[in-house]
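All remarks here apply to the structure that follows.
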Amino acid sequence: MKSDRIETESETPHLKRENNVLTLVSTDGMKLSADFSTLLPRIRRGNLQSELLVQAVRIRSADHPLKVLDATAGFGEDSFLLAAAGCEVLLYEKDPTIAALLADAMQRAGQQEDLREIVGRMQLSAGDSIPVMRSLAEKTVDVIYLDPMFPARKKSGLVGKKFQLLHYLEKPAEDERELLAAALAAKPQKIVIKRPQKSPFLAGVKPSYSKPGKAIRYDVLLPDSMKDPGL
């Protein structure tokens, strides 16, 4: 059986534009691109407010559109949901290939009438968010969102292969303590962390509370009410 793993330099994925869509392609034919139009069913009236992420980020006392910093943007799908809910989202993605795919998706979405207003509330920067968060003045953003890439799952199939392409480019977070410490240094009202349901807390720091789902959960930290986490 042919291995799904990308192991040799000759199998290195590459970017290719196909039908005006920037696509990551592997030599075995696997293709990966970002496309916000697939999220349209989730932002329909009545669906968006039931999203756990939207509930976790919400600050009921806020009298303005929340400013959210997505420190690990990936393909930007979570940021898109937050922007659809009215948030102004700053996205940071340090891997240049993933950032290029995300930028392409945002550019295409900006040309679609039903997506244009939403992506207009999204601002992408290609680069590492850690030094940015460290340099932010206190309360510059209301919420910082962290979604460190989950560890690779050892399974075959289309979904597994697609995640394998992403893991080839960007490994699961090995700097959890540094990432969380930088987020805490910015002193937002909330830090929201996406985790697999049964995984340990990020950097071992217990959240103020969690919002669990079937496969994932959102851990919420309230920096103003936390004791020193010792990071």
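Per the conditions (1) open to solvent by less than 20 Å² (accessible area, probe 1.4 Å); (2) modelled with pLDDT of 95 or more; (3) part of a loop (DSSP other than H, G, I, E, B), the sole criterion not satisfied by L81 is (3). All conditions but one from (1) in contact with a strand residue (DSSP E or B) (Cβ under 7 Å, 6 or more places away or on another chain); (2) within 29 Å of L221 (Cα to Cα); (3) open to solvent by less than 40 Å² (accessible area, probe 1.4 Å) apply to E51; the one that does not is (1). Any chance region 27-34 includes a residue that's touching an Asp or Glu at 6+ places or on another chain (Cβ under 7 Å), in a loop (DSSP other than H, G, I, E, B) and open to solvent by 60 Å² or more (accessible area, probe 1.4 Å)? Yes - at least one qualifying residue is present in region 27-34. Taking the criterion of being surrounded by fewer than 22 Cβ atoms within 10 Å (Cβ to Cβ) and over 19 Å from M149 (Cβ atoms), the residues of region 57-78 that qualify are R58, I59, R60, S61, A62, D63, H64, P65, L66, K67. Residues that are out of contact with any strand residue (DSSP E or B) (no Cβ under 8 Å at 6 or more places or on another chain), at pLDDT 65 or above and in a helix (DSSP H, G or I) within region 133-167 comprise R134, S135, Q164, listed in sequence order. Identify, please: which residue in region 115-132 is in contact with a helix residue (DSSP H, G or I) (Cβ under 7 Å, 6 or more places away or on another chain) and outside any helix (DSSP H, G or I) and is, among those, farthest from I191 (Cα to Cα)? If we take residues in region 115-132 being in contact with a helix residue (DSSP H, G or I) (Cβ under 7 Å, 6 or more places away or on another chain) and outside any helix (DSSP H, G or I), then L115 is farthest from I191 (Cα to Cα). Within region 97-104, does at least one residue satisfy the condition of being free of Cβ contacts under 8 Å to residues at least 60 places away in the same chain, surrounded by fewer than 22 Cβ atoms within 10 Å (Cβ to Cβ) and among the polar types (S, T, N, Q)? No; the residues of region 97-104 include none that is free of Cβ contacts under 8 Å to residues at least 60 places away in the same chain, surrounded by fewer than 22 Cβ atoms within 10 Å (Cβ to Cβ) and among the polar types (S, T, N, Q). For region 176-219, give me each residue that is of a type in the set (S, T, Y), outside any loop (DSSP other than H, G, I, E, B) and open to solvent by less than 30 Å² (accessible area, probe 1.4 Å). Y218, the sole residue that qualifies.
The values are calculated or read from the model by the stated rules, or taken from the named source; none is laboratory data. Please read these numbers as outputs of a predicted model, since none were measured by experiment. A quick note on method: Cβ atoms are made from the backbone with ideal geometry, for glycine too, and the neighbour counts reach across all protein chains shown. Just the protein is used for accessible areas: all its heavy atoms, side chains included, with ligands, DNA and RNA removed. Shrake-Rupley method; radii C 1.70, N 1.55, O 1.52, S 1.80 Å.
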